[in-house]
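Student: My questions all concern the structure below.
Just so you know, all these numbers are worked out from the coordinates, no wet-lab data involved. As the structure is a computational prediction, the values presented were derived from the model and not from experiment. Because the Cβ atoms are built from the backbone with ideal geometry, glycine has one as well, and the counts that use them run over all protein chains shown.
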Amino acid sequence: MNYGEIKSVDIANGIGVRVSLFVSGCRNKCQECFNPMTWSFKYGKKYTKETEDEIFSDLQKEYISGLTILGGEPFEPENQEEVLNLVKRVRHELPNKTIWIYSGFTFEEIIGEKPSRASLESAKQILTNIDILVDGRFEIAQKDLSLKFRGSRNQRIINVPKTLQNNSIVLSDLN
């Protein structure tokens with residue numbers, strides 16, 4: 001997996017001060033995407049053990065609320081193994097930090113309720129280790145700059161643990 005950027009201090013992509021990892025590679029290619037350079041799987045730098053250690057060093061700071069993973073597309077099949085390893089490590093070593101993931105895939109596509117390339121066993125395991133999923137492709141016709149933590153009205157901020165527990169979508173109170 002490659003990544004385009006790590007923001008060690010980010011207040012735009014989730015609640016609180018966060019560390020954000022922008023992975024590379026996205027086949028969704030939403031019109032007017034704010035990060036089109038990350039569509040290429042070759043964009044940026046190779047994600048390594050040293051990269052992960054850098055993220056963990058930043059996450060251990062007391063004022064950091066958690067990790068946000070976005071891109072590119074974290075649920076592209078090529079990215080899922082590294083994303084899964086990272087979220088499992090965060091959940092295990094830093095259980096008080098929240099984990100957000102932004103995806104152009106909907107929750108239903110990720111779990112396989114609707115067919116998609118994202119629906120792999122590793123995707124389901126990723127979901128069991130995160131707190132919030134902001135799902136859905138950015139749609140220019142539904143663009144709304146007044147929304148918190150998303151760019152278009154079709155996108156949802158999903159409370160993943162409650163959704164998995166209830167076996168139906170539970171939106172965060174941020175919607």
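Student: Mind ranking 47-54, 15-22 by how tightly packed they are, going by the mean number of other C-beta atoms within 10 angstrom, highest first?
Tutor: 15-22, 47-54
Student: Which of the peptides 151-158, 101-108, 63-70 is most tightly packed, and how do the rest follow, judged by the mean count of other Cβ atoms within 10 Å per residue?
Tutor: Ranked by mean Cβ neighbours within 10 Å, highest first: 101-108, 63-70, 151-158.
Student: Could you point to the residue in G71, N35, S8 farthest towards the positive end of region 1-148's charge dipole, with +1 and -1 charges on the Cβ of Lys/Arg and Asp/Glu respectively?
Tutor: The residue sitting most towards the positive pole is N35.
Student: Which of the pairs K88/K148; K29/K88; K124/K162; K46/K114; K7/K143; K7/K45 have their Cα atoms more than 20 Å apart in this structure?
Tutor: Over 20 Å Cα-Cα: K88/K148; K29/K88; K46/K114; K7/K143.
Student: Is the C-alpha gyration tensor of region 96-175 telling us rounded, prolate or oblate? Criteria: a/c under 1.5 is rounded; beyond that, a/b larger than b/c is prolate, otherwise oblate.
Tutor: oblate
Student: I want the antiparallel fraction of DSSP beta bridges within region 50-175, as a percent rounded to 5.
Tutor: Antiparallel bridges make up about 45 percent of those DSSP assigns within region 50-175.
Student: For region 1-145, what is the charge dipole size about the Cα centre, in debye to the nearest 20, if Lys and Arg each add +1 at the Cβ and Asp and Glu each add -1 at the Cβ?
Tutor: Result for region 1-145 is approximately 160 debye, rounded to the nearest 20.
Student: Compute the distance in nm between two label points, each set 7 Å from the Cα along the Cα-to-Cβ direction, one at K124 and one at F56.
Tutor: A separation of 2.8 nm, rounded to one decimal place.
Student: Next question. What size of dipole, in debye to the nearest 20, comes out for region 67-152 about its Cα centre when the only charges are +1 on Lys and Arg C-beta atoms and -1 on Asp and Glu C-beta atoms?
Tutor: 280
Student: Once phi is turned into ³J(HN,Hα) by the Karplus curve 6.51 cos²θ - 1.76 cosθ + 1.60 with θ = phi - 60°, what whole-Hz value does each residue of region 97-112 show in order, with x for glycine and proline?
Tutor: 8, 8, 10, 10, 10, 9, 9, x, 7, 7, 3, 4, 6, 5, 7, x
Student: Still on this structure: Using Cα-Cα distances under 8 Å and only pairs 6 or more residues apart, what relative contact order does region 19-110 have, in percent?
Tutor: Here the relative contact order equals 35 percent.
Student: Next up: Express as a percent, rounded to the nearest 5, the fraction of DSSP beta bridges in region 1-114 (both residues included) that run antiparallel.
Tutor: Approximately 40 percent, going by the DSSP bridge assignments.
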